[in-house]
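Report on one structure; see the data block that follows.
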Amino acid sequence: MLAIACIKQVPDTTQVQIDPVTNTLVREGIPFIVNPYDTHALEESLRLKDRHGFRAVALSMGPPNAEAALRKALSMGADDAILCSDRCFGGADTLATSNVLAAAIARIAEEAGDEVGIVLCGKQTIDGDTAQVGPGIASRLGFRQLTLVDKILTLDMEKRTIRVSRKLEGRHEIVEAPLPVMITVVRELNRPRYPTVPMRLAAVNASVKVWNNEVLKLDVNSVGLKGSPTWVSRIFSPERDKGEIIGYGVNDPEGTAALLIDRLLSKDLLAV
Amino acid sequence: MTIFTPLFLIALGIFIWQCGKKLSLIRLGRPENRFDNPALRLREMLLYAFGQKRVVARPFGINHFVIFWAFIVLLAANGAFILEGLIPGFRLANVLPPSLYHPLVFAFDIVSFLALGAIVLSFARRLLFKPPYLDSAYVNARSFEAFLILSFIALLMLASFGLNGVKISLGIEPADFMPVSTVAAALLEKSGSDLETWGAFFWWLHAGVLLAFICFLPMSKHMHILTAIPNCFFQNLGSISTQPREEFAVGNRYGVEKVTDLTWKDLLDSFTCTECGRCQDACPANATGKSLNPRQVVHSLKVNLLANAPALKAGEPPRVPLIGAEGEGTNTEETIWACTTCGACLQACPVMIEHLPKLVGMRRHLVEMESKFPEELLNLFENMEQRSNPWGIAPGERTKWTAQMDVKPFEAGKTEYLLYVGCAGSFDSRSKQVTVNLAAILDAAGVSWGILGKDEKCCGDSLRRLGNEYIFDRMAKENVALFRERGVTKVITMCPHCFTTLRNDYRQYGIELEVIHHSELIKELLATGRLKLNRQVGELGKIIFHDSCYLGRHNDVYDAPRQVVATVTGAAPAEFDRAREGSFCCGAGGGRMWMEELTGIRINLNRVTEALEKRPDTICVACPYCMTMFEDGLKDKQAGQTRVRDIAEVVAEGMRPQA
Ligand SMILES: Cc1cc2nc3c(=O)[nH]c(=O)nc-3n(C[C@H](O)[C@H](O)[C@H](O)COP(=O)(O)OP(=O)(O)OC[C@H]3O[C@@H](n4cnc5c(N)ncnc54)[C@H](O)[C@@H]3O)c2cc1C
Ligand code: SF4
Ligand code: SF4
C-alpha cells in the first residue's frame with residue numbers, strides 16, 4: 001500500500017520581502033525550504049512505512065529546483081520521489097495544483113501496481129496559506145478527507161479503517177474513515193526525523209523522477225496559469241509602525257523605564 | 001643463585017608477552033599521525049613526563065615527583081642487581097672506578113630513602129586523608145592493587161637497605177657513602193643473627209618482589225609507568241578543542257561507535273590513565289552531579305577494549321557496547337551529552353590524556369549515523385542549516401544592531417579588520433549592547449573596521465562540538481569561501497567561540513586568519529594610547545573576572561582582559577578561587593548552551609555561587625555565552641545587586657565623559 005506525502009518547496013517566508021514598487025515577492029537570494037507542515041506529513045508517511053509496511057512516496061509540483069525538497073525527503077527515508085514539473089504547470093492556483101497532484105497520485109499507483117492508502121498533506125503552506133490543495137486532491141481522487149490531524153489513533157489494515165484526532169479550535173474531534181484517505185497534518189502530529197549523514201549522501205545520488213505533462217497527459221487548460229481561475233491582483237505588506245529603541249538601556253535603566261511609561265501613558269496603553 | 005636466571009627469564013617473558021598484548025590492542029586503533037614536529041614533542045615530553053610539570057602543580061604532586069625520579073635513578077641500581085643475579089660474581093664496584101661508584105651508591109641510598117618516605121606518605125594519603133576524587137564508580141582508591149603496588153615499592157626499598165646493610169657489615173660496600181644503609185647495618189649487627197642468612201633473605205626478597213613487579217606492571221594501572229612517557233611525546237600539539245575533519249563519501253562511517261573507531265593514540269591514552277582523578281575533580285559536569293566523569297570515559301575505553309579484544313581481533317562485532325546502558329566499559333548517551341567541552345580535564349591531566357576527542361567522536365556517531373540526540377537540539381540543527389544562526393532568526397536581521405550608528409561594510413584594501421559580530425552579538429538583545437559598545441570603542445580608537453552584514457554566517461562552533469560535523473563542514477567551507485572572496489585576513493571577534501573556530505578550526509580548511517579577540521585588541525589600543533579614556537571607572541565597584549574556557553584554556557588568553565580592567569578601573573580585578581587555567585565552566589560550551597540541564601545542579605549556579613562568595617559588584621566576562629549563563633544564574637539566585645558586564649562595556653564606561 002502506498003503512503004504519498006505531498007511536499008511543497010516554499011521560500012523561507014521569514015526572509016521574504018515584498019517589492020514596494022512592483023508589489024511582488026522578492027524571491028531573489030531567498031533560501032527555499034520544505035513547507036514546515038509538509039515535513040510532518042513526510043515524517044508520518046515514513047512512520048507508516050516503518051510501522052505498517054507502506055511504501056512511502058514523496059510528491060511535489062514545482063520548478064526544477066524543487067528537486068531539493070524531494071532530496072530532503074529521500075534523505076529522511078522516502079522510497080521514491082516524484083517532481084511534477086513542466087512550463088505549462090507554472091502559475092497554478094490551488095485548483096490547477098490539485099489537478100496535477102491528483103493525476104500524479106493516480107499515476108504513481110498505476111506505475112507501482114499498488115493502491116494508495118493514505119495521501120498526506122500539510123495543513124497549509126507558509127507562502128500561499130490557502131489550505132485548499134489537500135482537500136482539492138481528495139475531491140479529485142474521491143478520497144475521504146481528514147484535515148488538521150494531530151494524531152493517528154489507530155490504523156486497522158485488515159478492516160482498512162483509520163481513526164484520527166483532529167485539532168480544532170478549543171477542542172479535539174475523533175473521526176474514523178475507511179481507506180483510502182487524504183489527511184492534512186498539524187505540527188503536533190510528530191517530530192520529523194533528522195537525516196543521518198549516510199542517508200543524506202545517498203539522497204544526493206538518488207534519482208528524483210521528473211514528470212512533465214507528456215507523462216501526466218492533462219488538458220493544458222486545466223493546469224498552470226490557464227487552469228487557474230484565481231488571479232493575484234496585488235500583494236502588499238500592511239503598513240506598520242516600526243518599533244524603536246528608546247533610552248540608554250543598561251546605562252540608564254531608571255530613565256529608560258520612565259520614558260517607556262510616558263510613552264505607554266501617551267498611547268493610552270497604561271492606566272494610572 | 002643460578003635459579004634466578006630462569007625466574008628472571010620467565011618474568012621477562014611475561015612482561016614482554018603482556019606488553020605485546022597491549023601493543024597489539026593499541027594497534028587496533030585507527031591511524032593518526034603523531035610523529036610530526038619531533039623536536040617540539042621531545043621538549044614537551046621532557047617537560048611533562050620527566051619534568052612532571054603538571055604532576056607537581058597539585059599538592060602531593062611532589063610526592064609523585066620523588067617516586068618517579070627515584071624510579072629512574074633506581075633503574076640503574078636494579079639493573080646492577082639483575083646482573084648480579086645473572087652473572088655470578090658480578091659487582092658494579094668492579095666495573096666502575098670508585099670516583100663514579102661512590103657517588104652512584106650514595107645517590108641510590110639517598111633516593112631509596114626519599115622514595116620510601118614518599119611511599120609511606122602515599123599509603124597515608126589513601127588510608128588517612130584520601131581526597132574524594134581518588135575514587136570513581138569503578139575504581140577504588142583503597143583497592144588491593146593500589147596497596148599491592150605501594151607495598152612492592154616499599155619492600156624493594158626495605159630489601160635493598162637490608163641487603164646493603166649486610167654488605168656494609170661484611171665490608172663489601174662502602175659505609176661512608178651509604179648513610180641510610182649504614183643505619184640498617186648497625187641494626188642488623190645489633191640483632192646478633194647470622195649476617196649471611198640475612199643477606200640471602202634480603203637478596204631473595206628483593207629479587208622476588210622485583211620479578212613480581214615486572215610481571216604485574218603491564219597488567220595494572222601502573223602500566224602508566226611505561227606509557228606515560230610516550231603519551232606525553234605523542235600529545236596533541238594543536239588546539240585542544242579542534243577535532244580532525246571527516247571525509248564525507250558514500251560508504252563511510254562517521255564518529256566513534258566502537259572502541260576501534262578511535263585512533264591508536266586514544267587507545268594509548270586509555271592504557272596511560274593513572275586513575276589519579278584530577279580530571280574528575282576538575283570536570284564541571286561531574287562536580288554538578290551529571291553522569292559524566294572524564295576519567296571514567298577513559299577507563300571505559302580500556303575496559304571495553306580488553307573485553308572485546310578477542311571479538312575485535314576476529315573481526316566480529318564487539319560484545320560490550322561502547323555506547324549503551326550504564327556499565328564499566330560503556331558510556332551512556334546522557335554521559336556523552338553532558339560535556340561542555342570546557343577542557344578542564346585535559347588541562348588537569350598530568351599525562352596529557354585527551355578526553356575531548358573521544359566524547360566528540362561518540363557524539364559524531366550519535367548525530368551523524370544514528371540521528372540520536374537530545375530533542376532540543378533538533379531545532380538548533382535545523383536553524384543552523386536553514387538560517388545559519390542558532391535561534392533561526394531571519395539572516396536579514398543580522399544588522400539590526402547597526403540601526404543607530406554608521407557601520408561600514410568590510411572592503412578589502414579599504415578596511416583593515418573584519419568585525420565578525422557572531423550570532424549572539426547580532427541577535428541576542430543583551431549581546432547586541434556589547435556589540436554597540438565595541439563598535440564605539442573601535443571608532444574612538446580610529447580602528448579601520450567593517451562588517452559582512454547580512455552575508456555573515458554562523459561560524460558553526462556549537463555544531464562542531466555537538467558532533468554535527470557534516471553541517472559544520474558545510475558552514476566552514478561557506479565561510480572560508482566568503483572570507484577568501486572578500487579578502488578577509490584580519491578578524492576581530494567578541495565571542496571566544498567564533499574566535500577559536502575561525503582561528504583554529506578553519507585552519508583545517510586552509511585559511512590562516514589573524515584573529516584577535518576584542519579583549520586583546522582593546523588591551524593593545526589602550527597600551528598604545530590609541531584609545532583614550534575620559535575617566536577612571538569606579539561605579540562598577542568590585543569587579544571579578546571570569547575566564548571563558550574558549551578564551552583561556554583553549555587559546556591561552558588570560559592577561560589581556562585583566563590588564564584592560566586594571567587600566568580602566570585602576571585596580572586589578574578580583575579573582576575566583578578557580579581562575580585562569582583552572583577556571584570553572586559557565587555551563588554553555590560544547591553546545592550545552594542549547595540544551596536542557598536537568599540532572600544535578602546547574603553548572604552556572606555553581607559558578608555564580610563561587611562568584612558571590614567573593615562579594616563582587618560586577619562580574620566581568622568576555623564571552624556572550626558566559627554573559628547569558630551568569631545573568632541567568634544571578635536571577636535564579638536573586639542576586640540582582642550584582643551585575644554582569646562584558647569587558648567592552650567596562651571600557652565603554654571609561655569613555656563616558658567625566659561627570
Ligand atoms: C493569494 C495567492 C497568492 C499566490 N501567489 C503566488 C505567487 O506569488 N507566486 C506563485 O508562484 N504562486 C502563487 N500562488 C499559487 C500558490 O502558492 C500555489 O502554487 C498553490 O496554489 C498551492 O496553494 P497553497 O500554497 O496555498 O497550498 P495549501 O493549499 O495551503 O497547501 C496545503 C498542502 O498541499 C500540499 N501542496 C500544496 N502545493 C503543493 C505543491 N506544489 N506540490 C506538492 N504539494 C503541494 C502541501 O502538502 C501543502 O501543505 C498564489 C496563490 C494564492 C491563492
Ligand atoms: S571537557 Fe569539561 S565537561 Fe567535558 S569531560 Fe572534560 S572537564 Fe568535563
Ligand atoms: S585521565 Fe588523566 S587526569 Fe584523569 S584520572 Fe587519568 S591520568 Fe588522571
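In this structure, does A:Leu179 turn out to be more than 11 Å from chain B (Cβ to nearest Cβ) and within 23 Å of A:Glu111 (Cα to Cα)? In short, yes.
At least 3 residues being of a type in the set (Val, Ile, Thr) is the threshold, and among the helices (runs of 4 or more DSSP H) wholly inside the stretch B:599-659 those reaching it are B:603-613, B:647-655. Of the residues in the stretch B:232-240, none is away from every other protein chain (no Cβ under 14 Å), closer than 17 Å to B:Ser24 by Cβ and of a type in the set (Gly, Ala, Ser). Any residue at all in the stretch B:357-364 that's over 21 Å from B:Thr500 (Cα atoms) and either at pLDDT 95 or above or within 11 Å of chain A (Cβ to nearest Cβ) (or both)? Yes, the conditions are met somewhere in the stretch B:357-364.
For (1) touching a Phe, Trp or Tyr at 6+ places or on another chain (Cβ under 9 Å); (2) within 16 Å of ligand 1 (Cβ to nearest atom); (3) modelled with pLDDT under 95, each residue gets a yes or a no:
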position: B:Pro218; (1), (2), (3): yes, no, yes
position: B:Ile225; (1), (2), (3): yes, no, yes
position: B:Gly238; (1), (2), (3): no, no, yes
position: B:Ala282; (1), (2), (3): yes, no, no
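Counting only helices (runs of 4 or more DSSP H) that sit completely within the stretch B:1-119, those holding 2 or more residues that are touching a residue at least 40 places away in the same chain (Cβ under 8 Å) correspond to B:4-26, B:38-45, B:61-86. Touching a residue at least 60 places away in the same chain (Cβ under 8 Å), of a type in the set (S, T, N, Q) and on the phi > 0 side of the Ramachandran plot - does that describe any residue in the stretch B:340-353? The answer is yes, given that some residue of the stretch B:340-353 is touching a residue at least 60 places away in the same chain (Cβ under 8 Å), of a type in the set (S, T, N, Q) and on the phi > 0 side of the Ramachandran plot.
Residue count for the stretch B:592-624 under the criterion of being aliphatic (A, V, I, L, M), open to solvent by 10 Å² or more (accessible area, probe 1.4 Å) and under 24 Å from B:Arg562 (Cα atoms): the result is 2. Given the structure, is B:Gly446 open to solvent by 10 Å² or more (accessible area, probe 1.4 Å) and more than 32 Å from the chain's Cα centre (by Cα)? Spelling it out, B:Gly446 is indeed open to solvent by 10 Å² or more (accessible area, probe 1.4 Å) and more than 32 Å from the chain's Cα centre (by Cα).
If you go through the stretch A:218-254 and pick out every residue that is in a loop (DSSP other than H, G, I, E, B) and either free of Cβ contacts under 8 Å to residues at least 12 places away in the same chain or not aliphatic (A, V, I, L, M) (or both), you end up with 22. Among the residues of the stretch B:561-580, is any under 30 Å from B:Glu416 (Cα atoms), of a type in the set (Asp, Glu) and either part of a loop (DSSP other than H, G, I, E, B) or open to solvent by less than 50 Å² (accessible area, probe 1.4 Å) (or both)? Within the stretch B:561-580, none of the residues are under 30 Å from B:Glu416 (Cα atoms), of a type in the set (Asp, Glu) and either part of a loop (DSSP other than H, G, I, E, B) or open to solvent by less than 50 Å² (accessible area, probe 1.4 Å) (or both). Restricting the stretch B:606-618 to residues that are more than 23 Å from the chain's Cα centre (by Cα) and touching a residue at least 60 places away in the same chain (Cβ under 8 Å) leaves a set whose member that is farthest from ligand 2 (Cβ to nearest atom) is B:Asp617.
Within the stretch B:270-290, being within 14 Å of ligand 3 (Cβ to nearest atom) and more than 20 Å from B:Asn140 (Cα to Cα) holds for one residue alone: B:Ala285.
Exactly one condition in (1) open to solvent by 30 Å² or more (accessible area, probe 1.4 Å); (2) of a type in the set (A, V, I, L, M); (3) within 14 Å of another protein chain (Cβ to nearest Cβ) is false for B:Ala412; which is it? So the condition that B:Ala412 fails would be (3). Looking across the stretch B:126-140, just one residue is surrounded by fewer than 17 Cβ atoms within 10 Å (Cβ to Cβ), assigned to a helix (DSSP H, G or I) and not aliphatic (A, V, I, L, M), and that is B:Pro132.
In the stretch A:77-88, which residue that is open to solvent by 10 Å² or more (accessible area, probe 1.4 Å) and over 23 Å from B:Val250 (Cα atoms) is nearest to ligand 3 (Cβ to nearest atom)? Once the filter is applied, the top-ranked residue is A:Ser85. Filtering the stretch A:1-22 to residues that are under 12 Å from the mean Cα position of the chain (by Cα) and either modelled with pLDDT of 95 or more or open to solvent by 10 Å² or more (accessible area, probe 1.4 Å) (or both) leaves A:Ala5, A:Cys6, A:Ile7, A:Lys8, A:Gln9. Screening A:Arg144, A:Arg187 for residues that are of a type outside the set (Ser, Thr, Tyr), within 14 Å of another protein chain (Cβ to nearest Cβ) and either in contact (Cβ under 8 Å) with a residue 24 or more places away in the chain or surrounded by 17 or more Cβ atoms within 10 Å (Cβ to Cβ) (or both) leaves exactly one candidate, A:Arg187.
Give me the pairs, please: first residue somewhere in the stretch A:255-272 and in contact (Cβ under 8 Å) with a residue 12 or more places away in the chain, second residue anywhere and open to solvent by less than 60 Å² (accessible area, probe 1.4 Å), beta-carbon distance under 8 Å, and either six or more positions apart or on two chains. The qualifying pairs are A:Leu259/A:Ile246; A:Leu259/A:Gly247; A:Leu260/A:Ile246; A:Leu260/A:Gly247; A:Arg263/A:Ile246. Only one of the listed residues (A:Leu42, A:Leu95) is within 13 Å of ligand 1 (Cβ to nearest atom), open to solvent by 30 Å² or more (accessible area, probe 1.4 Å) and not in a loop (DSSP other than H, G, I, E, B). That residue is A:Leu95. Could you tell me which residue of the stretch A:198-212 is nearest to A:Asp80 (Cα to Cα), considering only residues that are touching a helix residue (DSSP H, G or I) at 6+ places or on another chain (Cβ under 9 Å) and within 8 Å of chain B (Cβ to nearest Cβ)? Applying the filter and picking the extreme gives A:Ala202. Within the option set A:Leu74, A:Leu120, being open to solvent by less than 40 Å² (accessible area, probe 1.4 Å), touching a residue at least 24 places away in the same chain (Cβ under 8 Å) and either within 14 Å of chain B (Cβ to nearest Cβ) or part of a loop (DSSP other than H, G, I, E, B) (or both) holds for one residue only, A:Leu74.
The values are calculated or read from the model by the stated rules, or taken from the named source; none is laboratory data. Everything quoted here is computed from the prediction, not taken from an experiment. In this analysis, Cβ positions are derived from the backbone assuming ideal geometry, glycine residues included, and neighbour counts consider all displayed protein chains. To get the accessible areas, we keep the full protein, side chains included, count just its heavy atoms, and leave off ligands, DNA and RNA. Shrake-Rupley method; radii C 1.70, N 1.55, O 1.52, S 1.80 Å.
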